[in-house]
Amino acid sequence: MREADQSPNTAERAPLQGVGREAAAAEGATEPADVSGRPLQSAAELAPTWDAICAEIRSRIQPELFETWFRRAALAELREDSVAVAVQNAFARDWLERYHRSVIEESVRASLGRHASVELRVDPELALPPREPEEEEPVAERSAPAELVQQGAAPTGRGPLDISNALVRGSDVGLNAKYTFDNFVVGPCNRFAHAASVGAAESPGAAYNPLFLHGNVGLGKTHLLQSLCFSLLENWEGVRILYLSCETFVNHFIGALENGDLQAFRNKYRNVDVLVVDDIHLLANKERTQEEFFHTFNTLYNAGKQIVLSSDSPPKDIPTLQERLVSRFKWGLVTELEAPCYETRVAILKRKARERGRELPADVAGLLAERIDNNIRELEGAVTKLFGYADLSGEPVSAELAHVALRDIFSVRRGGPTLDDVVSVVTEEFSVKLSDLQSRRRTATIAFPRQVAMYLARRVTRHSLEEVGGFFGGRDHSTVLYAVTKISGLLERDQGTVDTLSRLLERLGERPL
Ligand code: ADP
Ligand code: MG
């Protein structure tokens, strides 16, 4: 192994200063000196120290992760109390910063034998193809890592597969052919989630296991999950993927309990290469199913199988989720899909128009992106509606037409119910006061109306979980999430709640349930 024959005594060399890659080109040349006469440190001189640090990093993370994130990195500077590590682009820097900083710090400390702060910086030259292999290094070791960041899953050339056969029968949900990595617009809001999904598809069971994607509705979780399935099917002949919604898992489990064929259920769920469960937050309040999922998870995980989960909230915020599941969900990579920024919204609108063989004028795209700002599904709906309207009316797509065609969407944005409206209908319905809703009191006569108010606030206003929690007595966002889940659960099984909520929604000018 490369690291075995390096034993740099770097402590003796510090403090030294690094220079850019020019120095590598000038390997063997007389070393330059800075104004103080201190020798500058060439890339060649830094290499042994970097190799030693890499050996430590390797011992701490999976090989695939090392290949992806560290193979092209380099030591840029070495001082007594600090080191600078250079990577090929800002994305790699941000990723390392977010997910691997502590590993780098530990590895630096272990290899240098002292604490040194770590700076991550970008050196675009590192993005160039890797240097020719050096003699002592076997070529195979040098082979460039799959470039996870920009390109997405590279097809292996094995040719298309019959997708229906490859998916485990019983996946129930078919994949939507539109949900591929190619059709996914990457922006600052979702680039980590996208890269992680591509990475898991390239190295299933290794790099990010489990992969846990979370984010609000309509931000692309299902799209990424299905893209990952497509990518696996393309690249791994005969892969057995079980893709399903959490609801299906729950229903199958209950069915198996009722019919007494738990064994068949377990055979099905535990004999796959990849298990993908959408909307895992629906495990909330389902104790028995959580228990079963825990065992499914363990069996697959221990066998090195890939598990991919999506949820509307991070593991710790899923109400009543067992602690052992929370901790397992965090073993791999937890990453969030955020609401898209303006530029990404415009890019998505244009992509969606093009998918329909149309072009969206820039001013119209701008208008839609301004008005619809936190849900990609709504952006897509607006494009469909606008083109439909244009075709029917025979008018060209314009900002004016958009105002007419999308007036319901636009007007909700402007004149929709406010938190005050929610409070006024809830306090009247339940004969409670605003101060009760905002108080700490937890008696059922107050707690239930408060939960209804939180549910309605999330449903009819655009306030975030934090804002709603803050409004109702400075509560945590997880309290709001709990309220929303609880009321949603009641709406599924309790007609009284359905009637009450329908009445309240109607009074808020919304469609009843
Ligand atoms: P979620 O599962 O998070 O609720 P979906 O994956 O169903 O959201 O996405 C909603 C819609 O928005 C889908 O039609 C999907 O194709 C589209 N969408 C979401 N994110 C993107 C994106 N980054 N690029 C293109 N389309 C997207
Ligand atoms: Mg979804």
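Okay, residues lined up against (1) under 29 Å from the mean Cα position of the chain (by Cα); (2) more than 30 Å from ARG475 (Cβ to Cβ):
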position: THR344; (1), (2): yes, yes
position: LEU360; (1), (2): yes, yes
position: ASN375; (1), (2): yes, no
position: TYR389; (1), (2): no, yes
position: ALA444; (1), (2): no, no
Task: Check on VAL250, β-branched (Val, Ile, Thr), open to solvent by less than 20 Å² (accessible area, probe 1.4 Å), closer than 15 Å to SER311 by Cβ and modelled with pLDDT of 90 or more - done: yes
Task: The listed residue being modelled with pLDDT under 95 and loosely packed, with under 15 Cβ neighbours inside 10 Å, out of ASP312, ASP261 - done: ASP261
TODO: Take LEU228 and decide whether it is within 16 Å of ligand 2 (Cβ to nearest atom), open to solvent by less than 40 Å² (accessible area, probe 1.4 Å) and under 25 Å from GLY489 (Cβ atoms).
DONE: no
- [ ] Can you give me the ranges of the helices (runs of 4 or more DSSP H) entirely in region 371-481 with at least 3 residues that are closer than 29 Å to ALA284 by Cα, open to solvent by 60 Å² or more (accessible area, probe 1.4 Å) and outside the structural domain of PHE184 (by TED's automatic domain parsing)?
- [x] 444-460
- [ ] Would you kindly identify the helices (runs of 4 or more DSSP H) lying entirely within region 38-132 that contain at least 2 residues that are farther than 27 Å from GLU336 by Cα?
- [x] 43-60, 101-112
Task: Test set (1) within 16 Å of ligand 2 (Cβ to nearest atom); (2) under 29 Å from ARG459 (Cα atoms) - ASN251 fails condition number - done: (1)
Open item on the list: All but one of (1) open to solvent by 10 Å² or more (accessible area, probe 1.4 Å); (2) closer than 21 Å to ARG270 by Cα; (3) of a type in the set (Val, Ile, Thr) hold for VAL239; state the number of the condition that does not hold.
Closed with: (1)
Task: Of residues in region 315-349 being away from ligand 2 (no atom under 16 Å from the Cβ) and small (Gly, Ala, Ser), the one modelled with the lowest pLDDT - done: GLY332
Task: Any hit, region 91-112, residues being buried (at least 16 other Cβ atoms within 10 Å of the Cβ) and more than 25 Å from TYR208 (Cα to Cα) - done: yes
Task: First in region 365-384 and among the basic types (Lys, Arg), second anywhere and within 16 Å of ligand 2 (Cβ to nearest atom), Cβ under 8 Å, 6 or more apart - done: ARG377/VAL217; ARG377/GLY218
Task: Residues (open to solvent by 30 Å² or more (accessible area, probe 1.4 Å) and either at pLDDT 95 or above or away from ligand 2 (no atom under 16 Å from the Cβ) (or both)) located in region 204-223 - done: PRO204, THR222
Open item on the list: Quick check on my filter: what residues within region 52-69 are at pLDDT 90 or above and either buried (at least 17 other Cβ atoms within 10 Å of the Cβ) or of a type in the set (Phe, Trp, Tyr) (or both)?
Closed with: ALA52, ILE53, CYS54, ALA55, GLU56, ILE57, ARG58
- [ ] For residues that are aliphatic (A, V, I, L, M) and open to solvent by 40 Å² or more (accessible area, probe 1.4 Å), tally how many sit in region 348-366.
- [x] 1
Task: Filtered residue count, region 305-333, keeping only those that are among the charged types (D, E, K, R) and not in a loop (DSSP other than H, G, I, E, B) - done: 5
Open item on the list: Quick test of your reading of the structure: PHE181 fulfils all but one of (1) within 12 Å of ligand 1 (Cβ to nearest atom); (2) of a type in the set (A, V, I, L, M, F, W, C); (3) within 20 Å of SER311 (Cβ to Cβ). Name the failing condition by number.
Closed with: (3)
Open item on the list: Residue under question is ALA200, and the condition is that it be within 16 Å of ligand 2 (Cβ to nearest atom), among the aliphatic types (A, V, I, L, M) and assigned to a helix (DSSP H, G or I); does it hold?
Closed with: no
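The values are calculated or read from the model by the stated rules, or taken from the named source; none is laboratory data. In this text, all values refer to a predicted model and were calculated from it rather than measured experimentally. Ideal geometry is used to build each Cβ from the backbone, glycine not excepted, and the neighbour counts take in all protein chains shown. All accessible areas refer to the heavy atoms of the entire protein, side chains included, with ligands and DNA or RNA removed. Shrake-Rupley method; radii C 1.70, N 1.55, O 1.52, S 1.80 Å.
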